[in-house]
Each structure stands twice: as C-alpha cells, then as structure tokens.
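Could you have a look at this structure, given as structure tokens, before my questions?
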Amino acid sequence: MKINIYLPILPFRPTGGCKIMYEYANQLARRGHDVVIYNVYTNPYFVYRWPHWMRCLRNNLLYPNYRPIWFDLDERIICKNIPYLADIYVRDANISFSTNWALAFLLNELSASKGRKFNLIQDYELWISNNKEMLHASYRLPVTHVVIADYLADIVEKESGIRPIVIYNAINQDVYKIEKEIENRSPHSVSMLFSIEERKGTNYGLDALRICQKEVSDLHVELFGVYPVSQKLESWIHYTQMPKDLGALYNSTAIYFTPSNGEGWALPPAEAMNCGCALICTDIGGHAAYAKNGQTALLVRPKDSKDMAEKLLFLLQNNEKRIRLAKKGNEFVKQFNWDVAIQKMEMLFEGKA
C-alpha cells in the first residue's frame, strides 16, 4: 500500500507523539509498504510566533525535507516539508494517516484519491489548545479515529457517540531491554524525566526526591530531557540533555519515577520497565495500561510531593520489594510490543479490523 503520514510540526526535538508516528512508519516500511512522511508547517488552527512566509523560508533553506536526527528512520521512507495539508501538496495513496486534532480537520478535507483517512489520537489535547469545542468537534469528523488509551476512547465516545479503536502504544524492545541485572543495581538510584512543561510535574517530583534525600543520604538521581536546565541542581542529581543512549540510562538506575499530571500514553515509564526499573508513577489515565498499583507499579497522587516521597522511600528502603516489583513490571510490559501494534494497525488499514 501507499501510505501517507502527516505530522503537525517539524519535530526538531524528541516528542512522544512523533516518535510513535516514526515507529509506525518504520514498521510499515519493513512490511513492504511505500511510506511518505509529510511535515506540515502551517495549520490554520494554530497560532505561530513567526509569519508563514518566514517559516517557509527557514524550513526550506535550513531543513529541506526534514528527517529527524534523534530517531533512526528507515532509509526507504521519504520525508517532505509542505506548507499546508492539501491535495496539491500530497501524492495519491491508499491510506492517509495523521495525528493531532487540528490536522484531523485538514485530513478530512483531502480528496478520496489520497486514500482512506485515519487519525491517531495520542492525548486529550487541551494542553495544545484551550478550544475544547474545536477539540471535541474533531472527534466527530468522518475519519477513522484510533486512540492509544482506554480513557481516550471513553472521551471520544462520549463526544462522538462512536467507540474508537484502541491500539496501545508499543516500545522498541530491541532498544529498551535489561542490560544490567535488576538485583545488581544500586538500590538508591532513581531516573526521572525533566521537563519545563507544567503538565509533566517536574517540580513536584524534584520536591519529593529532595525529601527522600534527607532520609537516604546516598540517593543518586539521573534526570534526562530535551530542555536545558536553568535551575541549580544538587550534586546528587545528574542531568543529561537529549541522551544518546536512553536505554543505558534506565539500566543504570533501580527505580523510574514519573510525577506527570497528564499523559496520553507515556513511553518513558514503559521503556524503563522493560529495562528493569521498578516504576513509581502518578495515578492518571496515561499510565493505566501498564501501571497496576501494587502489582506492576506503585501509584501516587498527582501534585502531591509528600505521597510521592512516601512511595519512593518505601522502595528505596525495601530492596527486596523493589526487585520483586521491577520483575513483575518487566514481565507485564513485554505485551506492548511492535509486532502486536503494527499487526492491528495494518489490519485496520486493510479493512480487516
């Protein structure tokens, strides 16, 4: 099949949503499909810092047919920059596949020659736009919506009257795997995503870790992320901006901690679980697929640093329970693999699902 994939940005930095679309592109290309990725750099529903003509000039001169440097994209996949998502800029195909609520409106306007239309809903995207009416209206568009989490399916069904298809995210289990035995890790080591985005809850997480350090003096924390850190960090906290080997970073710690206030279907916690970390995460829909309280993870209340610190200290001070939780989580998360996800998506594209 000829498959067109549409991204709402040129993703210069790693983002979970684009990473998933790139993974689908790779998997589809490896199954023999003809895949083209279109980077759409202007959308009438977005507000931009720079005018359209200036972004066109920058993108076409500095980043022609942009390919990510942070993701190993299959060389058979063609990437193209386009100013708008419209018939004139994209080839005829069997499938048109987008992500992002605003892009879904433009997807819906494409002619039938661009193929059957699918939109992957990866989050409840109010954090992108405060226009709840438009967001909900996108769920009622006559395209096939696919969601990555059950709570998203509930929201879409409530607004549209139609239950969307759920295909959980997957993790690359060739990249994220146990390289250092769970039992042999420093029991007082924690990894966590650092972000300046409020919804990621970084400040609540750092407050919790600082409470823990007063009880566990040899605590070591590995932070990672895409943004530079402006605040001063203590000597026991190490930060890596855009790590080249995230799997190795996960493997260097015993616990993965995520204090996020909201997620679509968070990738780093699942990746860390597959690398052998015991998981402590907030009790939100974006963690629910793999974080079962007391079984595969310990759940904490969002925006509650004291509760976070209590659960962290429980594992930091109970190594056997940390090991047991890590092993159960590692076994459970293996079901979220790309063989399963791509088979479901391919069957959907072929009209067999």
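By how many nm would the segment from ARG49 to ASP150 lengthen if fully extended, with 0.36 nm per residue of separation less the alpha-carbon distance? Spell out each step's value before the answer.
On the way: separation 101, 0.36 × 101 = 36.36 nm, distance 3.45 nm.
So the extension gain works out to 32.9 nm.
Helix 305-316 versus the longest principal axis of the chain: what is the Cα-based angle in degrees, 0 to 90, to the nearest 10?
70 degrees
Rounded, prolate or oblate: which fits the range 186-306, taking a ≥ b ≥ c as square roots of the Cα gyration tensor eigenvalues, rounded meaning a/c under 1.5, else prolate when a/b beats b/c? Mind showing how you got there, number by number?
Values: a/c = 1.24, a/b = 1.22, b/c = 1.01.
Verdict is rounded for the range 186-306.
Between ARG58 and ILE88, what's the calculated FRET efficiency when r is the beta-carbon distance and R0 is 22 Å? Round to 0.05.
Values: r = 22 Å, r/R0 = 0.98.
Between ARG58 and ILE88 the formula returns 0.55.
Just grab the label-to-label distance for MET347 and ALA248, each label 7 Å out from Cα along the Cβ direction, in nm (one decimal).
3.9 nm
Still on this structure: State which entries of LYS177/LYS232; LYS177/LYS311; LYS200/LYS327; LYS132/LYS334 exceed 28 angstrom in Cα-Cα distance in the structure shown.
Numbers: LYS177/LYS232 32 Å; LYS177/LYS311 25 Å; LYS200/LYS327 26 Å; LYS132/LYS334 35 Å.
In this structure, LYS177/LYS232; LYS132/LYS334 exceed 28 Å between Cα atoms.
Determine which aspartates and glutamates satisfy two conditions relative to LYS214: a Cα distance under 16 Å, and not lying fewer than 8 residues away in the same chain.
Within reach: GLU234, ASP307, GLU310.
Which of the three applies to the range 1-119, rounded, prolate or oblate, going by the alpha-carbon gyration tensor with a ≥ b ≥ c and a/c under 1.5 meaning rounded? Don't skip to the end; give the middle numbers.
Values: a/c = 1.65, a/b = 1.17, b/c = 1.41.
Here the range 1-119 falls in the oblate category.
Here's another thing I want to ask about it. What FRET efficiency do you get for LYS180 and ASP74 if R0 is 35 Å and r is their Cβ-Cβ distance, rounded to the nearest 0.05? Walk me through the numbers before you get to the answer.
Working: r = 29 Å, r/R0 = 0.84.
My answer for the efficiency is 0.75.
List the residues whose amide H sits under 5 Å from the amide H of ALA93, counting only those 5 or more places along or on another chain, with H placed 1.01 Å from N in the peptide plane.
Answer set, sorted by chain and number: LYS114, GLY115.
Could you tell me whether the range 175-216 comes out rounded, prolate or oblate from its Cα gyration tensor? Rule is a ≥ b ≥ c as square roots of the eigenvalues, rounded for a/c under 1.5, then prolate if a/b exceeds b/c, otherwise oblate. Show your work: numbers first, answer last.
Working: a/c = 5.15, a/b = 1.36, b/c = 3.78.
Note, shape of the range 175-216 comes out oblate.
Right, something else. What FRET efficiency comes out for ARG13 versus SER111 if R0 is 30 angstrom and r is the Cβ-Cβ distance? Round to the nearest 0.05.
On the way: r = 33 Å, r/R0 = 1.10.
Calculated transfer efficiency: 0.35.
For the range 65-86 and the range 184-233, what is the centre-to-centre distance using only Cα atoms, to the nearest Å?
That distance is 34 Å.
Okay, moving on. Where does helix 52-62 land angle-wise versus the long Cα axis of the chain, in degrees 0 to 90, nearest 10?
70 degrees
All of the numbers you see were taken from the coordinates with simple rules; none came from a lab. Just so we're clear, the structure is a prediction, and the values are computed from it rather than from any experiment. No Cβ is skipped: glycine too gets one built from the backbone with ideal geometry, and neighbour counts run over all protein chains shown.
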